[in-house]
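Since every read-out is calculated from the coordinates, none of them should be taken as a lab result. It should be emphasised that the depicted structure is a prediction, and the values quoted were computed from it without experimental measurement. Neighbour counts run over all protein chains shown; Cβ positions are idealised from the backbone, glycine included.
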2 protein chains.
Amino acid sequence: MARAQWLTSDEQRAWRAWVASTILIFDALDRQLQQEAGIPHGYYEILARLSESGGRALRMSELAKQTSSSRSRLSHAVARLEERGWVRRRNCDTDRRGQLAELTDAGFAVLAAAAPGHVAAVRKHVIDALEPQQIRQLAEIGEAIVAGAATAG
Amino acid sequence: MARAQWLTSDEQRAWRAWVASTILIFDALDRQLQQEAGIPHGYYEILARLSESGGRALRMSELAKQTSSSRSRLSHAVARLEERGWVRRRNCDTDRRGQLAELTDAGFAVLAAAAPGHVAAVRKHVIDALEPQQIRQLAEIGEAIVAGAATAG
DNA sequence: CGTTATAGGTTGAGAGTTCAACTACTTGTC
DNA sequence: GACAAGTAGTTGAACTCTCAACCTATAACG
């Protein structure tokens, strides 16, 4: 019906495959992390990014960028992580508006405990389903989409 | 840190690009549909699938499959759509447990009004950012992931 | 047949996200 | 310097999603 008129059948096939696969993956990862670590995937990403940063801390806005998150979402998320003692907020030295989110030792321990299961799930649902050249293609496709969004707004 | 040990750098690059691009796309589509039609992307998919079905109606479980949705999610979503008069529930003739979700004329009108903007957004954020051969690759990648999930559970 | 298992679907509570409004600080400009 | 405009971040309400519990109807099996 309607959409067939505006997406070619090749485009529609790609689009629907993308939607279905994406929902599958996110649902699977969310379920796995929720069960094993008690956090959704987005929260895992926050902990992971912090762990990779110098001093295990990042400005809120930088963390939002890295996790493709809105300020609001990140603010709520960090509040929940702070309640559990996995992240701590600190004032920023150079900008009095700023806040640093800092990973605590407890937060790092949670991340370390959750990581193997998470990586295994990514492997199982994504990497292992694809040929090596498809991994490369996927990287290029994802990067093209991100670049397109940055350009076109 | 941790994940670098278990995903190769190529894999990690693909994974991160996929996560970032996926969040971007879904956020953009949700925002567009929410503004122009007042519904999230998942609800649009429900209306679209119903409109493409014979009699503009589907069993709840079939609709859940087609939209990669859980029974619970679909049940809540159809309840909201029903409140607005865009979908109607009917008993299934052949299975007394069953429910049919049927698109109303009002629901069809909403879909028809929302479709052009939605398709334009899909084009802008996905199709136009990719080369034709990447569209084909994306279809194959998505289908491989869906097939993998069906096989491996 | 009667019993148990399974499939179809709904519900309510708890958790996460979004949007708009808001505070507070910084930057640009005249 | 003062004032407008922009940046950083938070908050609360409305909405969606998840999970587990639940009910009903069909299927399987002895």
> Classify chain A: rounded, prolate or oblate, from the alpha-carbon gyration tensor (a ≥ b ≥ c, eigenvalue square roots; a/c under 1.5 rounded; otherwise prolate if a/b is larger than b/c)?
Replying inline: prolate
> If you average the sequence gap of Cα pairs under 8 Å that are 6 or more apart and divide by the length of the range A:60-153, what percent do you get for the contact order?
Replying inline: 16
>> Suppose you put the label 7 Å out from Cα in the Cβ direction; list, shortest first and in nm with one decimal, how far A:Thr94 is from each other copy's label.
In response: 6.7
> What nm distances, shortest first, do you get from the label point of B:Glu83 to those in the other copies when the point sits 7 angstrom along Cα to Cβ?
Replying inline: 2.4
>> Shape verdict for the protein assembly as shown, please, from the Cα gyration tensor: rounded (a/c under 1.5), prolate (a/b greater than b/c) or oblate.
In response: prolate
> By the scheme Lys and Arg +1, Asp and Glu -1, what is the net charge of all other residues having a beta-carbon under 12 Å from that of A:Arg90?
Replying inline: +1
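At a Förster radius of 30 Å, what calculated FRET efficiency corresponds to the Cβ-Cβ distance of A:Ala109 and A:Ala150, to the nearest 0.05?
According to the calculation, E is roughly 0.25.
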> Nm distances between the label at A:Gln34 and the same-position labels in the remaining copies, 7 Å along Cα→Cβ, shortest first?
Replying inline: 2.0
>> Please list, by residue number, every one of the trypsin sites (Lys or Arg not before Pro) in the range B:95-135 that is coil in DSSP and has at most 15 other beta-carbon atoms within 10 Å.
In response: B:Arg96, B:Arg97
> Considering every pair of different Cα atoms, what Kirkwood radius, in Å, is found for the range A:56-128?
Replying inline: 13.5
> So for A:Thr94, B:Thr67, fewest C-beta neighbours within 10 Å to most, what's the order?
Replying inline: A:Thr94, B:Thr67
> Which helices count as membrane-span-like in chain B under these terms: full DSSP H, at least 24 Å along the axis by C-alpha, Kyte-Doolittle mean of -1.0 or more?
Replying inline: B:9-37, B:105-125, B:132-152
